[in-house]
Amino acid sequence: MSSLALYRRYRPETFAEVIGQEHVTEPLQQALRNNRVNHAYLFSGPRGCGKTTSARILARCLNCEQGPTPSPCGECRSCRDLARNGPGSIDVIEIDAASHGGVDDARELREKAFFGPASSRYKIYIVDEAHMVTSAGFNALLKVVEEPPEHLKFIFATTEPEKVIGTIRSRTHHYPFRLVPPGTLRDHLAEVCERESIPVADAVLPLAVRAGAGSVRDAMSVMDQLLAGAGPEGVTYAMATALLGYTDSALLDEVVAAFAGGDGARAFEIVDRVIEGGHDPRRFVTDLLERLRDLVIIAAVPEAVEKGLVEAPAEVVEAMQEQARAFGPAELSRAADVVNAGLTEMRGATSPRLQLELICARVLLPAAYGDERSVQARLDRLERGAAFAGTASGTAAPGVSAMPAAPVQTPPVQTPPAPSASAPSASAGPAQPSAS
């Protein structure tokens, strides 16, 4: 049992155990209760989100001795054969279309499909990677999919439903699967780690969820790797960041503080540490963009953590709230835009370090650009500087009582004397000789 991969060890056996796909599992269970089961289904969606697992569960529900039922008994022969560690059923045939998608394979399937099931209620074909079936193969299957015998069911699973020809799609019930929300995936990973009895730091789970990118299987594979390398203290944050290649949160804190303070020396020193430490510059920029995104959300929505818009441990959230207050809104938005544009430019760049340094320079020097966002960022800096100066002198800080300033003594203005009537005017020129 322990040698099995984590995603296989905890593969769902009922629709109730499938996470994040209630929009699919609930209608399927209701169809089973109403005994309105179609002859062909199309499950589509991203990889690792439960398409093939749900197809197996549906086959289990259909062939249960108490079925068709939304909750298989788990005790009959069919349920035991189709269980997580069962030997499999001769009446439930899984086909990998990537290697059996030709017209000859479709003809062989069509010929065997008309034979009744050996010991179950239905003969069920689960065609995985259905988009790999050729057009000729689909056309060969069209008649049997359109008008199958009573004992025959088809379940197609694919990541690219648009590649399944329309004549097949129109004869199936299509259920689109989605990526699992981060909160749901994090809770599932925490439950798995608890069942494995291995301590995992709270800051590790968001990293595994981020690496999984909404895929349960990918996230479970990442967590399996982390648990396999856990020491006596369990899975630590430092171990997870080093193994997964993510940037340490402390390093992100430093570069964000350098941006907020306009400290170019500190920012470029961090760039040098990133390169000398062997980190991938693209990964660093990606993590920096994620941090700036969180800061933008926190600045715009003060209760972002309570609403689940930002996923991070409590101590990291406190640090990010301080960082968000250190920026002006226009300056923070511009920094995120600059980093996002720089990340796009880094793809295929011959010198990632140079691109990273240019990104830092653009963030630190809004005065070098004349666009509207740069002007607004400069105004934010001026306002923050004025507020800081006012706080220091006690005259401009809002909400702070200031000492009255002493009146300024202005020296009296010295008015030059008016010219006398006998004095020659400066504009009259030289005196003219008398006519006499």
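The values are calculated or read from the model by the stated rules, or taken from the named source; none is laboratory data. Predicted model, so just to flag it, every value in this text is computed and none were measured. Positions of Cβ are backbone-derived with ideal geometry, glycine not excepted, and every protein chain shown enters the neighbour counts. All accessible areas refer to the heavy atoms of the entire protein, side chains included, with ligands and DNA or RNA removed. Shrake-Rupley method; radii C 1.70, N 1.55, O 1.52, S 1.80 Å.
Projecting label points 7 angstrom from Cα along Cα→Cβ for Glu315 and Lys163 puts them 4.7 nm apart.
For the range 182-244, with every protein chain kept in place, what is the accessible area per residue (1.4 Å probe, Å²)?
Accessible area per residue: 45 Å².
Once C-alpha pairs closer than 8 Å and six or more residues apart are averaged by separation and normalised to the residue number of the range 280-338, the relative contact order reads 41 percent.
For the residue pairs Lys112/Lys143; Lys112/Lys163; Lys51/Lys143; Lys51/Lys163; Lys123/Lys163, the alpha carbons lie more than 19 Å apart in Lys112/Lys163; Lys51/Lys143; Lys123/Lys163.
Remark: the range 145-151, residue by residue, has Karplus-estimated 3J(HN,Hα) of 6, 6, 9, x, x, 4, 8 Hz, where x stands for each Gly or Pro and the curve is 6.51 cos²θ - 1.76 cosθ + 1.60 at θ = phi - 60°. Modelled spin-label separation between Ser170 and Leu4, with each label point placed 7 Å from Cα along the Cα-to-Cβ direction: 4.3 nm. In this calculation the C-beta distance from Gln66 to Ala16 is compared with R0 = 22 Å, giving a FRET efficiency of 0.85. Of the solvent-accessible surface of the range 18-88, computed with a 1.4 Å probe and all protein chains present, 38% belongs to carbon and sulfur. With the cut-off at 1.5 for a/c, could you classify the range 1-135 from its C-alpha gyration tensor as rounded, prolate or oblate? Taking the square roots of the gyration eigenvalues as a ≥ b ≥ c, the range 1-135 is rounded.
In whole angstrom, the range 182-244 maps to an equivalent ellipsoid with semi-axes of 16, 13, 10, each derived as √(5λ) from the alpha carbon gyration tensor and ordered largest first.
With every protein chain present, what is the per residue accessible area of the range 20-75 (1.4 Å probe, Å²)?
40
Once the mean of 1/r is taken over each pair of separate Cα atoms and inverted, the range 97-185 shows a Kirkwood hydrodynamic radius of 14.1 Å.
Legend: calculated FRET efficiency, Ile275 to Glu94, from the Cβ-Cβ distance at R0 = 51 Å, rounded to 0.05, equals 0.60. Using a simple spin-label model with pseudo-atoms 7 Å out from Cα toward Cβ, Phe115 and Ala228 lie 3.9 nm apart. What is the range 249-384 by shape, rounded, prolate or oblate, if you read a ≥ b ≥ c off the alpha carbon gyration tensor as root eigenvalues and call it rounded for a/c under 1.5, prolate for a/b larger than b/c, and oblate otherwise? It is oblate, given that a/c is not under 1.5 and a/b is not larger than b/c. Could you please state how large a percent of the accessible area of the range 182-244 is carbon and sulfur, counting protein chains only and using a 1.4 Å probe? About 53 percent, which is the carbon plus sulfur part of the accessible surface. Near His173, the amide H atoms lying under 5 Å from its own belong to Ala40, Tyr41, Leu42; only residues 5 or more places off or on other chains count, and H is placed 1.01 Å from N.
3J(HN,Hα) couplings calculated from phi for the range 20-37 with the Karplus curve 6.51 cos²θ - 1.76 cosθ + 1.60 (θ = phi - 60°) are, in sequence order, x, 10, 4, 5, 9, 5, 5, x, 5, 5, 5, 5, 5, 5, 7, 6, 10, 8 Hz; Gly and Pro show x. Sequence-ordered 3J(HN,Hα) estimates for the range 49-55 from the Karplus curve with 6.51, -1.76 and 1.60 and θ = phi - 60° stand at 9, x, 5, 5, 4, 5, 5 Hz, glycine and proline given as x.
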